[in-house]
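Below is one structure; the comments refer to it alone.
The values are calculated or read from the model by the stated rules, or taken from the named source; none is laboratory data. These figures come from a predicted structure and were not determined experimentally. Counting neighbours? That spans all protein chains shown, and the Cβs are built from the backbone with ideal geometry, glycine included.
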Ligand SMILES: C[S@@+](CC[C@H](N)C(=O)[O-])C[C@H]1O[C@@H](n2cnc3c(N)ncnc32)[C@H](O)[C@@H]1O
């Protein structure tokens with residue numbers, strides 16, 4: 001199905017204003033992803049479907065459309081430098097300095113959960129028996145409710161584990177009869193999934209030791225990205241870290257200090 005210029009730009013503005021995502025150069029992707037949503041909703045005209053979702057602004061219909069438009073590609077131990085950094089620098093620093101043993105980590109665009117579960121595995125390996133003395137729960141948020149549902153389910157196809165070291169696969173996954181892999185309960189229990197739109201005001205009980213926001217800011221324009229990084233800064237503990245994707249850049253004017261590629265510190 002094809003979308004007209006007028007409806008396409010109406011949609012582009014709506015998604016940018018509400019979710020920060022810039023779809024202006026993604027017309028083919030929009031047509032491809034929304035055609036099946038339109039058919040499923042009983043429309044054979046894409047313009048009519050999009051206009052009705054935008055006009056009536058009904059939460060369920062908007063959520064379905066946004067779920068279709070997000071790009072959720074993710075896999076275990078993606079960008080392994082961050083996990084090495086956690087093991088070698090971040091967790092030793094935490095163990096030495098966090099007196100109340102409440103480790104605060106936020107995976108801020110977690111998709112279907114590979115990122116927060118990878119972090120939970122690294123934490124489990126690092127602390128071993130000592131983990132009992134810590135609260136190591138990870139907050140994992142995304143706007144896509146389908147991705148969050150998959151994250152809670154914690155069942156993955158083998159291709160998502162390709163980059164996961166074999167000892168992690170053996171230790172932290174249970175192979176299922178259909179060839180998929182389920183994250184074991186000990187790790188699953190460490191991650192709490194919530195819907196959160198990164199454009200919204202961040203409210204938090206305690207500031208974070210680590211905010212991990214990888215491979216989502218590439219979809220945002222510079223202004224949106226810079227404003228988000230500043231909001232992250234406000235809720236990072238002094239001495240705490242921000243991870244971004246290795247393909248993403250953070251403005252030189254940020255108040256975070258540069259540590260190494262894709263790692264920043266307050
Ligand atoms: C490519 S995935 C990245 C997943 C993971 N961080 C990684 O690096 O593998 C990008 C995720 O960002 C989410 N996203 C996009 N815009 C968002 C927003 N405004 N608020 C929260 N999540 C958003 C998408 O739903 C998608 O799941």
Quiz prompt | Which listed residue, of 186, 194, is more than 16 Å from the ligand (Cβ to nearest atom) and either farther than 19 Å from residue 85 by Cα or part of a loop (DSSP other than H, G, I, E, B) (or both) | solution = 186
Quiz item: Residues in segment 159-181: is at least one in contact (Cβ under 8 Å) with a residue 60 or more places away in the chain, surrounded by fewer than 15 Cβ atoms within 10 Å (Cβ to Cβ) and over 21 Å from residue 84 (Cα atoms)?
Solution: yes
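Would it be correct to say that residue 95 is surrounded by fewer than 18 Cβ atoms within 10 Å (Cβ to Cβ), closer than 22 Å to residue 183 by Cβ, assigned by TED's automatic domain parsing to the domain that holds residue 199 and away from the ligand (no atom under 15 Å from the Cβ)? Walk me through it before giving the result.
Values: surrounded by fewer than 18 Cβ atoms within 10 Å (Cβ to Cβ): yes; closer than 22 Å to residue 183 by Cβ: no; assigned by TED's automatic domain parsing to the domain that holds residue 199: yes; away from the ligand (no atom under 15 Å from the Cβ): yes.
Answer is no for this residue.
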Quiz prompt | Every residue from segment 125-153 that is in a loop (DSSP other than H, G, I, E, B) and either away from the ligand (no atom under 15 Å from the Cβ) or modelled with pLDDT under 95 (or both) | solution = 134, 136, 137
Quiz prompt | Checklist (1) surrounded by 21 or more Cβ atoms within 10 Å (Cβ to Cβ); (2) under 28 Å from residue 59 (Cα atoms) applied to residue 153, failing item | solution = (1)
Quiz prompt | Out of 122, 191, sole residue that is touching a strand residue (DSSP E or B) at 6+ places or on another chain (Cβ under 7 Å), surrounded by 16 or more Cβ atoms within 10 Å (Cβ to Cβ), under 26 Å from residue 233 (Cα atoms) and at pLDDT 95 or above | solution = 191
Quiz item: Which of the residues spanning segment 197-253 are under 17 Å from the mean Cα position of the chain (by Cα) and in a helix (DSSP H, G or I)?
Solution: 217, 218, 219, 224, 225, 228, 229, 231, 232
Quiz item: From 6, 61, 40, which residue is more than 15 Å from the ligand (Cβ to nearest atom), modelled with pLDDT of 95 or more and over 20 Å from the mean Cα position of the chain (by Cα)?
Solution: 6
Quiz prompt | Options 90, 75: the member that is away from the ligand (no atom under 15 Å from the Cβ), closer than 20 Å to residue 212 by Cα and either in contact with a strand residue (DSSP E or B) (Cβ under 8 Å, 6 or more places away or on another chain) or part of a loop (DSSP other than H, G, I, E, B) (or both) | solution = 90
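Looking at 201, 205, which one is surrounded by fewer than 16 Cβ atoms within 10 Å (Cβ to Cβ) and under 24 Å from residue 117 (Cβ atoms)?
Working: 201 fails: under 24 Å from residue 117 (Cβ atoms).
Of 201, 205, the one residue that is surrounded by fewer than 16 Cβ atoms within 10 Å (Cβ to Cβ) and under 24 Å from residue 117 (Cβ atoms) is 205.
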Quiz item: Can you find a residue in segment 91-102 that is at pLDDT 95 or above, more than 26 Å from residue 217 (Cβ to Cβ) and touching a helix residue (DSSP H, G or I) at 6+ places or on another chain (Cβ under 7 Å)?
Solution: yes
